[in-house]
1. So, in region 268-292, exactly how many residues are under 23 Å from Glu62 (Cα atoms), free of Cβ contacts under 8 Å to residues at least 40 places away in the same chain and of a type outside the set (Lys, Arg)?
2. Return the total of residues in region 185-201 being out of contact with any Asp or Glu (no Cβ under 6 Å at 6 or more places or on another chain), under 19 Å from Gly81 (Cβ atoms) and either open to solvent by less than 10 Å² (accessible area, probe 1.4 Å) or assigned to a strand (DSSP E or B) (or both).
3. As an exercise: evaluate Gly81 against (1) modelled with pLDDT under 95; (2) in contact with a strand residue (DSSP E or B) (Cβ under 6 Å, 6 or more places away or on another chain) and give the number of the one condition it does not meet.
4. How many of the residues in region 92-107 are surrounded by fewer than 24 Cβ atoms within 10 Å (Cβ to Cβ) and not in a helix (DSSP H, G or I)?
5. Taking only pairs six or more apart or across chains, which ones have beta-carbon atoms under 9 Å, a first residue in region 305-321 that is more than 11 Å from Met331 (Cα to Cα) and assigned to a loop (DSSP other than H, G, I, E, B), and a second residue that is of a type in the set (A, V, I, L, M, F, W, C) and open to solvent by less than 20 Å² (accessible area, probe 1.4 Å)?
6. Can you tell me which residue in region 136-158 is farthest from Phe184 (Cα to Cα), limited to those that are among the hydrophobic types (A, V, I, L, M, F, W, C) and assigned to a helix (DSSP H, G or I)?
7. Only residues in region 108-130 that are at pLDDT 95 or above and open to solvent by less than 30 Å² (accessible area, probe 1.4 Å) count as the first member; pair them with residues that are in a loop (DSSP other than H, G, I, E, B) and not hydroxyl-bearing (Ser, Thr, Tyr), Cβ under 7 angstrom, at least 6 apart or cross-chain, and list the lot.
Amino acid sequence: MLVLPVPGGGLLDWTPSGPPCPGPSGTPLSSRIAYAAAHVVADALAAEPDTVDWDTTLAFREHLWSCGLGVAEAMDTAQRGMGLDWPATRELVTRTGAAAAGRRWCAGVGTDQLPPGPATVASIVDAWREQLDLVGGAGAIPVVMASRALAAAATGPDDYHAAYGKLLSDAGGPVLLHWLGEQFDPALAGYWGHDDVRAAARELAALCTEHAGTIAGVKVSVLDAEVETEFRRTLPAGVACYTGDDFNYPELIAGDEAGHSEALLGIFDAIAPVAAAGLRRLDDGDPAGFRAALDPTVPLSREIFRAPTRHYKTGVVFLAYLNGHQRHFRMIAGQESARTITHLATLLRLADEAGALADPDLAVARMRPLLLAAGVA
């Protein structure tokens, strides 16, 4: 329980709640590897802007673990590159590592500590290495994130192969790679040296073949199920595909006769109990039950992640607020203002239809002041 000051004086006792997870609580899933990319909670009462509420942020990770999901830490869902700076990211990884206690988690390895302006391939690799050391030392599986600096510096595919090759040659252990499409971050347009998404997929598959002993998997976030399925089939043995497709995840996780995708998804932050319940249907050999649980969440996810997709974090935090995981709807860098009130109202309706609200009455009560602030009586 947290004891929090409220404006005007006094204290407010508040305990994070949220939808219960299917039991036995915390039992890891077996049929699929599933990570929820977790958001951070802002401290709305802090004297300094963009301060993280560490207690509530870590309590949310406990919620994800209690569902049997892994935690994907310090990914773009945590507002990397959209408000969360490197010092806060470093503390986030360290704190989550201390809380993990052997539970499944991975963490993003980026280059966002580099100063603004042009960067060399060597400086980009050094930045990755610094973060790789931090993440590995904290006990997480490293996820090498797509680098805005490399996208700006690279002149073609050879620069990508050179940069990743230098990093992977002495990574010291298995890593995941992260292919984040330009829908999520326009600064990553042309990543892997190609504007065409299928050509980029071929380039990445070649890199995976070259470094198959180090790359354990690739998270694919291009919002194209056909491209991801084709890419998945080209990966060498031992390199898994993790879907980051928040539009088409049920079919990609379910898979086909040639294989399936594991999961590393931002939408699982918002629908963790529903996702966990569905994935346990797969554990029980019930793919139809899995689809029955997950398919109704797709309209909600597609609305959260609709263009401009990079603002999906607003919807994820909004659902956490509605479900009692945090006491306010405020975000780092004021990102709660990135979506309209009509969008938020639509999310409330779709979350109810998807079974993603812990307590619909609580959700409606929490929605009312937002509507009033927007001039809706």
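1. Count: 1.
2. Number of matching residues: 1.
3. Every condition holds for Gly81 apart from (2).
4. 4
5. Pairs that qualify, where the first residue is more than 11 Å from Met331 (Cα to Cα) and assigned to a loop (DSSP other than H, G, I, E, B) and the partner is of a type in the set (A, V, I, L, M, F, W, C) and open to solvent by less than 20 Å² (accessible area, probe 1.4 Å), are Phe305/Phe184; Phe305/Ile267.
6. The extreme case among them is Ala138.
7. Gly108/Ala74; Gly108/Met75; Gly108/Met145; Val109/Met145; Gly110/Met145; Ala127/Gln113; Ala127/Leu114
Yes or no, residue by residue, for (1) in a loop (DSSP other than H, G, I, E, B); (2) within 19 Å of Ala37 (Cβ to Cβ):
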residue: Ile124; (1), (2): no, no
residue: Gln131; (1), (2): no, yes
residue: Leu134; (1), (2): no, yes
residue: Tyr160; (1), (2): no, no
residue: Gly172; (1), (2): yes, no
residue: Glu203; (1), (2): no, no
residue: Val227; (1), (2): no, no
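The values are calculated or read from the model by the stated rules, or taken from the named source; none is laboratory data. These numbers were taken from a predicted model, which means no experiment stands behind them. Here Cβ is always computed from backbone atoms with ideal geometry, including for glycine, and neighbour counts include all displayed protein chains. These area figures cover heavy atoms from the full protein model, side chains too; ligands, DNA and RNA do not enter into them. Shrake-Rupley method; radii C 1.70, N 1.55, O 1.52, S 1.80 Å.
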